[in-house]
1. Largest first, what is the accessible-area ranking of Trp247, Trp233, Trp221 with a 1.4 Å probe?
2. Below 8 Å, C-alpha to C-alpha, sequence gap of six or more: please give me the relative contact order for the range 43-201 in percent.
3. Taking the Cα-to-Cβ direction at Leu175 and at Trp247 and moving 7 Å from each Cα, how far apart do the two end points lie in nm?
4. Excluding Ala158 itself, what net charge comes from residues whose Cβ is under 14 Å from its Cβ, given Lys and Arg +1 and Asp and Glu -1?
5. Quick one: order Glu58, Glu7, Glu20 from most to least accessible surface, probe 1.4 Å.
6. Taking the Cα atoms of the range 85-229, what is the range of coordinates along each of the three principal axes, in descending order and whole Å?
7. Heavy atoms only, 1.4 Å probe, whole protein assembly: order Val51, Val242 by accessible area, highest first.
8. Using a 1.4 Å probe, what is the accessible area per residue for the chain, in Å²?
Amino acid sequence: MRLFRHELKGELLLYTRSRELAFFTFLLPMIFFLLLASVYGNDRIKSEGNVRSAPFLEAGMIGYGAISIAFAGLAIVLVIRREAGILKRLRATPLPAPAYVCALLGTFLAAFAVQVIGLVILGRAFFSIPLPHHALSLVLALLLGAISFCGLGIGVTALIKSAEGASAVVNAIYLPTAFISGSFFSPHSYPGLLRAIADVLPLTYFLRLVRGIMLHGHEIWSQPGSVAAVAAWGVLGVIVAVRTFRWEPYEG
């Protein structure tokens, strides 16, 4: 535990000192939320139960933040460190691999938690969005989604062979996923092909789970289908990660 706490402190410092990582994975969803909610935050979305656009967008940006931090940010960091030989050197130290992985995951989960709090505060302060009524269900849903995306983020590192290609590959995956799944707009107006793609994406079910809790007052256990889908994707990511994760670089 002492090694874990020491490593967690170091990882938190590294995350906060990386301006690019902190901006694109942490601040960008907040900026999108402020800009988009300022434009159409008072509109009504009839396909989602005639809810106001501002709280709909707030929940969407929470989903976007989850895939941005837990999936994209984690995958990019792991690939860069792997190809730079950092993971290989860490593997040779007395630091246990589980302690390092848990500290890294704890850092990204903490960043996501702070981001969610920031989004809720912005929504309340600028757009009069009420606070969630079922806080425990929301916390459990966010934890489930973040852990699942972390598993997928570690698993996708096997597809990326170079540090230079990390951002390109990850962005090509998570940005279209965020749009198709409905982080920014309601997917009910999408063409049939896009709706069919959205129906198999993990972010779609995570957004349904979060919006059901935040917009419609549902409990997490009243949405077993979405919970099972998010959990299944997370298990798949963990299985792929266990089978394919490398500590040694592909190049050099």
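1. Numbers: Trp247 45, Trp233 85, Trp221 170 Å².
Result of the area sort, largest leading: Trp221, Trp233, Trp247.
2. Details: 133 pairs, mean separation 62.0, N = 159.
Once divided by the residue count of the range 43-201, the mean separation gives 39 percent.
3. So the two model labels end up 3.5 nm from each other.
4. Numbers: positive: Arg82, Lys161, Arg243, Arg246; negative: Glu83, Glu248.
Net local charge, Ala158 excluded: +2.
5. On the way: Glu58 5, Glu7 30, Glu20 125 Å².
Descending order: Glu20, Glu7, Glu58.
6. 50, 35, 32 Å, listed from the longest principal axis down.
7. Numbers: Val51 20, Val242 115 Å².
Sorted descending by solvent-accessible area, the residues read Val242, Val51.
8. Working: 12290 Å² over 252 residues.
Heavy-atom accessible area per residue stands at 49 Å².
The values are calculated or read from the model by the stated rules, or taken from the named source; none is laboratory data. Everything quoted here is computed from the prediction, not taken from an experiment. Positions of Cβ are generated from backbone atoms using ideal geometry, with glycine treated the same way; all protein chains shown enter the neighbour counts. All accessible areas refer to the heavy atoms of the entire protein, side chains included, with ligands and DNA or RNA removed. Shrake-Rupley method; radii C 1.70, N 1.55, O 1.52, S 1.80 Å.
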